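Here the structure is laid out as structure tokens; the discussion comes afterwards.
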Amino acid sequence: MAFISSGYDPSKPMENRITDIGPRKYDEFYPPVIANNKGKWLYHEILQPGVLVHVSETGDEVYTVRAGGARLMSVTLIREICEIADKHCDGYVRWTTRNNIEFMVDSKDKVQPLIDDLESRKFDAGSFKFPVGGTGAGITNIVHTQGWIHCHTPATDASGPVKATMDVLFDDFKNMRMPANVRVSLACCLNMCGAVHCSDIAILGYHRKPPMIDHEYLDKMCEIPLAIASCPTAAIKPKKVEFNGQTLNSVEVNNSRCMFCGNCYTMCPCLPLSDKEGDGIVLMVGGKVSNRISEPKFSKVAVAFLPNDAPRWPQTTDKIKKIVEVYAADARKYERVGEWAERIGWERFFEKCELEFTHHLIDDFRDPAYYTWRQSTQFKF
Amino acid sequence: MAKHKTPLLDQLESGPWPSFVSDMKQEAEARAKNVNNVEYQIPVDVVEDLLGVLELSFDDGTTHWKHGGIVGVFGYGGGVIGRYCDQPEKFPGVAHFHTIRVAQPSGKFYKTEFLRQLCDLWDFRGSGLTNMHGSTGDIIWLGTTTPQIEEIFYELTHNLNQDLGGSGSNLRTPADCIGQARCEYACYDTQDLCYQLTLDYQDELHRPAFPYKFKFKFDGCPNGCVASIARADMSFIGTWKDEIRIDQDAVGGYVSGDLKPNAGAHSGRDWGAFNIEKEVINLCPTECMRYENGKLEINNRECTRCMHCINVMPRALRPGVQTGCSILVGAKAPILDGAQMGSLLVPFVEVNKESGYEEVKAVIEAIWDYWMEEGKNRERLGELMKRRGFQSLLEAVGIDPIPQHVSEPRHNPYIFWKEDEVEGGWERDVTEYRKHHQR
């Protein structure tokens, strides 16, 4: 494993340096049918789950076959995607914002061979590599974060619960029987790199134990004022502590004020908070980003805590499956999960989904909390 | 024979959904076999060690990654995130395992030739594992060692004409929906606006000078497929000012059942015959439509452009032709003060390619001036807006208040009047007052 230089000379970093060139320009990568018809599309139709046709005013058509994929992807798998795209799509392919892979062809006769090829490819252990689906009033791929594979603050894994959840929801990835589209998202901590706060169903990692304090190293490794300032609830104060006969600068945490956000740990590695029993999942429901019919909505907490029962998170996936089935059976056509819950009332939502309502579900965080309490005599028994 | 036993992860290889564990195992095997004789620049068994450390997390329920250290390329403050394993003796292959963010092309369209070049580089100088794509939109390369970072940057820029994305307190890599490339709803060219602003603001993207992160996202219409209203400090959402275009014959086609409603999106269940009254007219949030004598009428002045009728009857209805975008500001995920949705700042602005988007850029730069002046360290724009009030933002960017800025007027009369708004000002003579009012 000898080091091979790219041509970069560390002693002259500015020599021939190229910077600030940005990404490659999008239109280098447009398939011809896209380049020729951009801005001219008249309408589209979903021919079957995972297959769309867009029709242009020029008369051209583009057929898209959408396949699910794990967003964690090896170069071996990307090369296989390239092979498929070369074979069927003249070497073009794209990804969606929800980690799906889209293969486009310019005539209908190319669609079925492409689908057959995608559906025939499986990993050795049996899972599909490229299941076709994820369109319309169904359940598409889950957007998610890194989790235990690559992040320092997660309260749960990401790829694991996503795989487990998509296995349970797989039939609805390949179907369009839902009253409206159902968007599922996962963020492995409250930082929400995955921004799950406006999803129909959100899986959120959450810590429940305040940070431990590594007094011996804290002043050496952290800027104490930054750690203090990072706390949204002002639960951290400076403190002098006795440690091995020395007086050290450190901090103290008012545990009863801690909201377990981990922001202090991001600023100071001597305040770790992850814990096998403490960490787990919050399930949130009823958010959306579309402006269709009703305005965008935040997700609401439906289950305050579920344990990290790796490797398949059955308690989480059971609850999700139950919510999806009750919604599918009870909501009206076009109603998103949140619109349905608001129409039937949240008291009915908890009853129908057989979810326990606990004190954790009543907002007590700052001013907006008040607006979520019921200021009316209108409620259902 | 696998280097580490992974009985828990192995259970994620069954089931129909693509298994990331199977994919990692095939990558581990490909590196071990190395049929192309790649001179791997980081440990060959890096993927095996990554599987090992992930198995440990599945077993003990906690992460084994330390904080990011300071790593990066010369002259940039972002694009590389330092990552170290907290069990380096057990998993030496991933002891140093830094993330690289590679700026994705707008719309995430690719040619396989370019993808293969990326794969070859990452195979050679990194773990061979990626995210396609990260939450913000970048191509994410998971795991390489410090000496490889400048080499990767050099090869990316010199051989692939490709730059890094954003991280840290700077402009994050902007992202867009598929837009006019393949969507009839798109009200402006999301890909071009995304690309041009990304190029114009390369300095802001690579060199942290902001109080905190800042995100742009570009949605072509109010359906919001890239979720900009929830995820971007500035959301650019396509809209139109004039009338929804109606093809009455096609409306008739939907009513008669000749055309599939919802572009076939609900075809997985028998919902019965399409009923325009029930499914379109009565679900219109502003009740601005009627269908009489075989003719659909829309009172466009009352329409709030929610997209429902267009989504249901895409062959009959199209957005108007006087198009542009609405700009909403301040969305962010929960930390610190709770989740925030974007708030409407500019109801309509032209998205004008010919002008170099100067109308849009004027708003962006006024907001950055305000945020860089007033924002505290690690304060997102949305939090600053809450702290200083929406009025303060309007004043800073020179936009007059209009009813469109609120969902309803304030609930309290605690108005912070300014002295110059009150006749005669606030300076008064108490002695003069006392001549008429005893103590």
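Structure notes:
- Residue in the range B:210-227 that is nearest to B:Thr304 (Cα to Cα), counting only those that are open to solvent by less than 20 Å² (accessible area, probe 1.4 Å) and facing chain A (nearest Cβ under 7 Å): B:Pro222
- Only one entry in A:Lys380, A:Lys321 is modelled with pLDDT under 95, charged (D, E, K, R) and either assigned to a helix (DSSP H, G or I) or open to solvent by 70 Å² or more (accessible area, probe 1.4 Å) (or both), namely A:Lys380.
- Residue count for the range A:284-312 satisfying the condition of being surrounded by 20 or more Cβ atoms within 10 Å (Cβ to Cβ), of a type outside the set (D, E, K, R) and either in contact (Cβ under 8 Å) with a residue 60 or more places away in the chain or not in a loop (DSSP other than H, G, I, E, B) (or both): 14.
- Against the list (1) farther than 25 Å from A:Pro311 by Cα; (2) open to solvent by less than 10 Å² (accessible area, probe 1.4 Å); (3) in contact with a strand residue (DSSP E or B) (Cβ under 9 Å, 6 or more places away or on another chain), the condition B:Gly143 fails is (1).
- Among the residues listed as B:Arg182, B:Arg125, B:Arg207, B:Arg116, the single one being out of contact with any helix residue (DSSP H, G or I) (no Cβ under 7 Å at 6 or more places or on another chain) and either modelled with pLDDT under 95 or not small (Gly, Ala, Ser) (or both): B:Arg207
- Within the range A:146-167, tally of residues that are open to solvent by less than 10 Å² (accessible area, probe 1.4 Å), within 16 Å of A:Thr266 (Cα to Cα) and facing chain B (nearest Cβ under 7 Å): 3
- Candidates B:Arg231, B:Arg172, B:Arg207 - the one that is in contact with a Lys or Arg (Cβ under 8 Å, 6 or more places away or on another chain), open to solvent by 30 Å² or more (accessible area, probe 1.4 Å), within 11 Å of chain A (Cβ to nearest Cβ) and basic (Lys, Arg): B:Arg231
- Filter pass, B:Ser135 being in a loop (DSSP other than H, G, I, E, B), among the polar types (S, T, N, Q), facing chain A (nearest Cβ under 10 Å) and open to solvent by 20 Å² or more (accessible area, probe 1.4 Å): yes
- Some residue of the range A:196-213 being open to solvent by 50 Å² or more (accessible area, probe 1.4 Å), touching a residue at least 60 places away in the same chain (Cβ under 8 Å) and of a type in the set (Ser, Thr, Tyr): yes
- Of all residues in the range A:329-341 being charged (D, E, K, R) and within 24 Å of the chain's Cα centre (by Cα), the one that is surrounded by the most Cβ atoms within 10 Å (Cβ to Cβ): A:Arg336
Per-residue answers, yes or no, for (1) in contact with a Gly (Cβ under 9 Å, 6 or more places away or on another chain); (2) open to solvent by 10 Å² or more (accessible area, probe 1.4 Å); (3) part of a helix (DSSP H, G or I); (4) not small (Gly, Ala, Ser):
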| position | (1), (2), (3), (4) |
| --- | --- |
| A:Val62 | no, no, no, yes |
| A:Met73 | no, no, no, yes |
| A:Arg79 | no, yes, yes, yes |
| A:Glu83 | no, yes, yes, yes |
| A:Arg98 | yes, yes, no, yes |
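- Selection count where residues are more than 26 Å from A:Asp309 (Cα to Cα) and more than 9 Å from every other protein chain (Cβ to nearest Cβ), scope the range B:47-80: 8
- Sole residue being touching a Phe, Trp or Tyr at 6+ places or on another chain (Cβ under 8 Å), in contact (Cβ under 8 Å) with a residue 40 or more places away in the chain and either among the hydrophobic types (A, V, I, L, M, F, W, C) or open to solvent by 10 Å² or more (accessible area, probe 1.4 Å) (or both), chosen from B:Val71, B:Val53: B:Val53
- In the set B:Thr304, B:Thr286, only one residue is among the hydroxyl-bearing types (Ser, Thr, Tyr), in contact with a Ser or Thr (Cβ under 9 Å, 6 or more places away or on another chain) and open to solvent by 50 Å² or more (accessible area, probe 1.4 Å); that residue is B:Thr304.
- Checking A:Asn36 against (1) at the interface with another protein chain (Cβ under 7 Å from one of its Cβ atoms); (2) open to solvent by 40 Å² or more (accessible area, probe 1.4 Å); (3) assigned to a helix (DSSP H, G or I), the condition it does not meet: (1)
- One residue stands out in the range B:78-88 among those that are in a loop (DSSP other than H, G, I, E, B) and open to solvent by less than 40 Å² (accessible area, probe 1.4 Å): the one that is farthest from A:Ile18 (Cα to Cα), namely B:Arg83.
- Residues within the range B:182-191 that are assigned to a helix (DSSP H, G or I) and either facing chain A (nearest Cβ under 7 Å) or surrounded by fewer than 23 Cβ atoms within 10 Å (Cβ to Cβ) (or both), tallied: 1
The values are calculated or read from the model by the stated rules, or taken from the named source; none is laboratory data. Remember, predicted model here, so these are calculated numbers, not experimental data. With ideal geometry, Cβ positions are generated from the backbone for all residues, glycine too; neighbour counts draw on all protein chains shown. Protein only, heavy atoms only, side chains kept; ligands, DNA and RNA dropped before computing areas. Shrake-Rupley method; radii C 1.70, N 1.55, O 1.52, S 1.80 Å.
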